[in-house]
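Here is the structure we will look at.
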Amino acid sequence: MRKVKLLSAILATLIGLSIGAFAQDKHNDPNQIKGTQTLCPVMNEPIDKDLYVDYEGKRIYVCCYGCLDTVKEDPAKYIKQLESKGVILEKVPDANAKDQAAAPTVSAQDNSAAHQH
């Protein structure tokens, strides 16, 4: 009888740990590969490499023009969000990245592909 109680306690613990791990995994997007930015930090959609905000030497890609404006309003927030997920943001190609810290640089190279929210 003691073995049954012990096995039941172990099984209950394992189930509890599994449920906790599953619940935590819901908050991590499996489509966002650690190390590279593949999803927009605003809409969680695939990024458009022609749409980005450069801030403090880092490049934040977005999926559309609406997200471009959103990220431009508070780029530090989105840098923190992405980096907390393990995303390593690309560095701004320009050697004068320090000059870009004061204000975000926005790029929108082709607005014909924009989508609406």
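For the reader, a short list of remarks on this structure follows.
- Assessment of segment 24-39 against the conditions (closer than 18 Å to Glu90 by Cα, assigned to a loop (DSSP other than H, G, I, E, B), among the β-branched types (Val, Ile, Thr) and modelled with pLDDT of 70 or more) yields at least one matching residue.
- Lys3 surrounded by 11 or more Cβ atoms within 10 Å (Cβ to Cβ), at pLDDT 65 or above and not in a loop (DSSP other than H, G, I, E, B): no
- Residue check, Ala76 in the same structural domain as Pro41 (by TED's automatic domain parsing), touching an Asp or Glu at 6+ places or on another chain (Cβ under 9 Å), more than 18 Å from Leu39 (Cβ to Cβ) and at pLDDT 95 or above: yes
The values are calculated or read from the model by the stated rules, or taken from the named source; none is laboratory data. Given the structure is predicted, the values throughout are model-derived calculations rather than measurements. Cβ coordinates were reconstructed from backbone atoms using ideal geometry, including for glycine residues, and neighbour counts include every protein chain displayed.
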